[in-house]
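Asks: This is the structure, below, for whatever I ask next.
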Amino acid sequence: MNKLELEKIKEKALEEKIPIIMDDTLEVISKILKEKSPLKILEIGTAVGYSAICFSEYLSSNGYIDTIERDLQRVKEAKENIKKAEVEDKINIYEGDAVEILPTLNDNYDVVFIDAAKGKYPFFLKEALRTLNKDGIIIADNVLYKGYVMSDYNKHKQRTAVRNLREYIAEVTKDPNLETEILEVGDGLAISKRKN
Ligand code: SAH
Ligand code: MG
């Protein structure tokens, strides 16, 4: 991986206000990935490829990342970035809406990273559980959404997103097969480990 290019990709994404993963969140996920050394990662929400490029460093040999993005301009930029970072052999982008693409996937993943439309998190969870390996980990970003999720604030215009994020947290918390931690890093991170 080309670290100098990665730095440039990050700077440009921040300049363009693309919501790439925050540094403290990346630090937490990197630690988990380093320990797990996953063979296959599924990412929902590629944007311009920044997080996928970062994660690719922690794959076991021959490992790969499948990542889904519906914004075609971002897909184009992600492809260029992945090439610049010299990790083309490790990242595969699915172009389109994850709601349509996820049900067509038949692979099994060690880690699923959810970082896309907040209103779809309960659906993404269902698909993550379907594709997740035993001992797999589901990581979801932005679950506390600027603090709205844990407050009693209901009138915000993003209330559908908030409702669905609350539902996501409730489901991963009550699922007896998952061990879940909600961290206040970045915009809120849910880490759910499958126990069986
Ligand atoms: N993971 C990236 C940031 C992703 S930002 C990083 O940290 O570098 C969220 C992205 O998800 C946006 O680019 C948005 O276009 C995409 N997205 C949102 N809903 C989606 C959906 N239903 N299907 C596919 N992509 C989606
Ligand atoms: Mg995010």
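The values are calculated or read from the model by the stated rules, or taken from the named source; none is laboratory data. Here the structure is a predicted model, which means the values were calculated and not measured. Cβ coordinates were reconstructed from backbone atoms using ideal geometry, including for glycine residues, and neighbour counts include every protein chain displayed. Ligands, DNA and RNA are excluded from the accessible area calculation, which covers all protein heavy atoms including side chains. Shrake-Rupley method; radii C 1.70, N 1.55, O 1.52, S 1.80 Å.
Asks: Under 9 Å between Cβ atoms, at least 6 apart or on separate chains: pull out the pairs that start in the stretch 157-176 with a residue that is in a loop (DSSP other than H, G, I, E, B) and end on any residue that is open to solvent by 30 Å² or more (accessible area, probe 1.4 Å) and among the aromatic types (Phe, Trp, Tyr).
Replies: Every condition considered, the pairs that remain are 158/148.
Asks: Taking residue 33 as meeting all but one of (1) touching a Phe, Trp or Tyr at 6+ places or on another chain (Cβ under 8 Å); (2) under 15 Å from residue 82 (Cβ atoms), write down the number of the exception.
Replies: Going through (1) touching a Phe, Trp or Tyr at 6+ places or on another chain (Cβ under 8 Å); (2) under 15 Å from residue 82 (Cβ atoms) one by one, residue 33 breaks only (2).
Asks: Restricting attention to the stretch 22-44, which residues are within 15 Å of ligand 2 (Cβ to nearest atom) and open to solvent by less than 10 Å² (accessible area, probe 1.4 Å)?
Replies: 25, 29, 43, 44 - these are the residues of the stretch 22-44 that are within 15 Å of ligand 2 (Cβ to nearest atom) and open to solvent by less than 10 Å² (accessible area, probe 1.4 Å).
Asks: Residue pairs, Cβ under 8 Å, 6 or more apart or interchain, first in the stretch 178-193 and assigned to a strand (DSSP E or B), second open to solvent by less than 50 Å² (accessible area, probe 1.4 Å) and among the acidic types (Asp, Glu). List them.
Replies: 189/141; 192/175
Asks: Across the stretch 123-133, what is the total count of residues that are more than 13 Å from residue 40 (Cα to Cα) and either open to solvent by 30 Å² or more (accessible area, probe 1.4 Å) or in a strand (DSSP E or B) (or both)?
Replies: Counting residues in the stretch 123-133 that are more than 13 Å from residue 40 (Cα to Cα) and either open to solvent by 30 Å² or more (accessible area, probe 1.4 Å) or in a strand (DSSP E or B) (or both) gives 4.
Asks: When both residues are 6+ apart or on different chains and their Cβ atoms are under 9 Å apart, which pairs have a first residue that lies in the stretch 84-108 and is among the β-branched types (Val, Ile, Thr), and a second that is at pLDDT below 95?
Replies: 87/1; 87/2
Asks: Same structure again: If residue 141 satisfies every condition in (1) within 12 Å of ligand 1 (Cβ to nearest atom); (2) over 14 Å from the mean Cα position of the chain (by Cα) but one, which is the exception?
Replies: (2)
Asks: Moving on. Go through the stretch 90-116 and give me each residue that's farther than 18 Å from residue 50 by Cβ and either in a loop (DSSP other than H, G, I, E, B) or modelled with pLDDT under 95 (or both).
Replies: Those that are farther than 18 Å from residue 50 by Cβ and either in a loop (DSSP other than H, G, I, E, B) or modelled with pLDDT under 95 (or both): 96, 97, 105, 106, 107, 108.
Asks: Could you count how many residues in the stretch 139-169 are more than 14 Å from ligand 2 (Cβ to nearest atom) and either open to solvent by 50 Å² or more (accessible area, probe 1.4 Å) or farther than 15 Å from residue 118 by Cα (or both)?
Replies: 13
Asks: Moving to a separate point now. Hey, among the residues in the stretch 99-115 that are within 18 Å of residue 20 (Cα to Cα) and open to solvent by less than 10 Å² (accessible area, probe 1.4 Å), which one's farthest from ligand 2 (Cβ to nearest atom)?
Replies: Looking at residues that are within 18 Å of residue 20 (Cα to Cα) and open to solvent by less than 10 Å² (accessible area, probe 1.4 Å), I get 112.
Asks: Taking the conditions exactly as written (within 16 Å of ligand 2 (Cβ to nearest atom), open to solvent by 30 Å² or more (accessible area, probe 1.4 Å) and more than 24 Å from residue 23 (Cα to Cα)), does residue 120 satisfy them or not?
Replies: yes
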